[in-house]
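Here the structure is laid out as structure tokens; the discussion comes afterwards.
The values are calculated or read from the model by the stated rules, or taken from the named source; none is laboratory data. On a predicted model such as this, the values are computed, not experimentally measured, just so you know. For neighbour counting, all protein chains shown are included, and Cβ atoms are generated from backbone atoms with ideal geometry for every residue, glycine included.
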Amino acid sequence: MTSENISNELKEHSIHRLKGFLDKNITCLDMLSDEEIWRKPNDSSNSVGHLVLHLCGNLRQYIITTLGQTEDNRQRDLEFESSDKQDKEQLKALLQETVNKAVTVISKCSDKGMTDLKHVQAYHYSGVGIIVHAVEHFSHHTGQIIFWTKLLKNKDLAFYKGIDLNKKHNV
């Protein structure tokens with residue numbers, strides 16, 4: 001496998017994961033009321049709404065602005081302090097728009113863009129490192145949103161309904 005093939009494989013899988021996490025987040029938002037979206041489990045935790053704002057801020061900073069080489073104007077602390085409590089539909093639209101923009105940037109990233117070092121927050125990452133960080137970060141907070149939704153609704157979210165996860169496949 002060539003480095004170009006590896007780069008394309010990483011981009012394809014990262015895009016697939018981001019879209020899958022987006023779908024899970026939308027499922028959770030659809031199940032929750034606006035009041036539940038902004039409820040915090042405790043003073044040391046974040047609401048689903050704040051986590052959505054944080055996911056969008058992180059994707060914008062890492063993928064859209066750093067990898068996409070546009071101006072970074074993120075105000076990270078506001079993602080957790082926002083008193084402008086957007087409703088469910090606004091949060092869904094923001095999340096979908098942000099993921100779609102990130103997917104576009106990832107898909108257009110050149111091989112050089114995948115290997116060049118860039119400065120983001122306090123770090124220096126290659127394009128590969130930026131993508132890996134952003135997808136891992138999105139996964140982490142998606143898991144928190146899923147867990148909080150399950151606690152609030154006391155039900156299985158059926159993300160793998162109809163899929164035999166025990167089935168063995170030949171590679």
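Of all the numbered requirements in (1) closer than 30 Å to residue 38 by Cα; (2) assigned to a helix (DSSP H, G or I); (3) in contact (Cβ under 8 Å) with a residue 40 or more places away in the chain; (4) among the aliphatic types (A, V, I, L, M), residue 157 misses one, and that requirement is (2).
Per-residue answers, yes or no, for (1) closer than 26 Å to residue 108 by Cβ; (2) loosely packed, with under 13 Cβ neighbours inside 10 Å:
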| site | (1), (2) |
| --- | --- |
| 16 | yes, yes |
| 27 | no, no |
| 30 | no, yes |
| 46 | no, no |
| 56 | yes, no |
| 62 | yes, no |
| 68 | yes, no |
| 75 | no, yes |
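So, in the stretch 91-117, of the ones that are more than 20 Å from the chain's Cα centre (by Cα) and outside any loop (DSSP other than H, G, I, E, B), which residue ends up surrounded by the fewest Cβ atoms within 10 Å (Cβ to Cβ)? Here the residue is 112. Can you find a residue in the stretch 73-92 that is among the aliphatic types (A, V, I, L, M), under 23 Å from residue 151 (Cβ atoms) and touching a residue at least 60 places away in the same chain (Cβ under 8 Å)? So far as the stretch 73-92 goes, yes, one or more of its residues are among the aliphatic types (A, V, I, L, M), under 23 Å from residue 151 (Cβ atoms) and touching a residue at least 60 places away in the same chain (Cβ under 8 Å). If the condition is being surrounded by 13 or more Cβ atoms within 10 Å (Cβ to Cβ) and farther than 24 Å from residue 50 by Cβ, then the stretch 118-130 contributes 118, 125, 126, 127, 128, 129.
Restricting attention to the stretch 32-48, the residues being in a helix (DSSP H, G or I) and closer than 21 Å to residue 98 by Cα number 4.
Beta carbons closer than 8 Å, at least 6 apart along the sequence or on distinct chains, never pair a first residue in the stretch 1-25 that is on the phi > 0 side of the Ramachandran plot and assigned to a helix (DSSP H, G or I) with a second that is surrounded by fewer than 12 Cβ atoms within 10 Å (Cβ to Cβ) and charged (D, E, K, R).
So that you can scan it fast, the table gives a plain yes or no per residue for (1) closer than 22 Å to residue 24 by Cβ; (2) charged (D, E, K, R); (3) part of a strand (DSSP E or B):
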{"site": "73", "(1), (2), (3)": "no, no, no"}
{"site": "124", "(1), (2), (3)": "no, no, yes"}
{"site": "128", "(1), (2), (3)": "no, no, no"}
{"site": "138", "(1), (2), (3)": "yes, no, no"}
{"site": "146", "(1), (2), (3)": "yes, no, no"}
{"site": "152", "(1), (2), (3)": "yes, no, no"}
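One residue stands out among those in the stretch 77-86 that are assigned to a loop (DSSP other than H, G, I, E, B) and surrounded by 14 or more Cβ atoms within 10 Å (Cβ to Cβ): the one that is modelled with the lowest pLDDT, which is 82. Scanning the stretch 53-71 for residues that are over 28 Å from residue 32 (Cβ atoms) and assigned to a helix (DSSP H, G or I) turns up 65, 66, 67.
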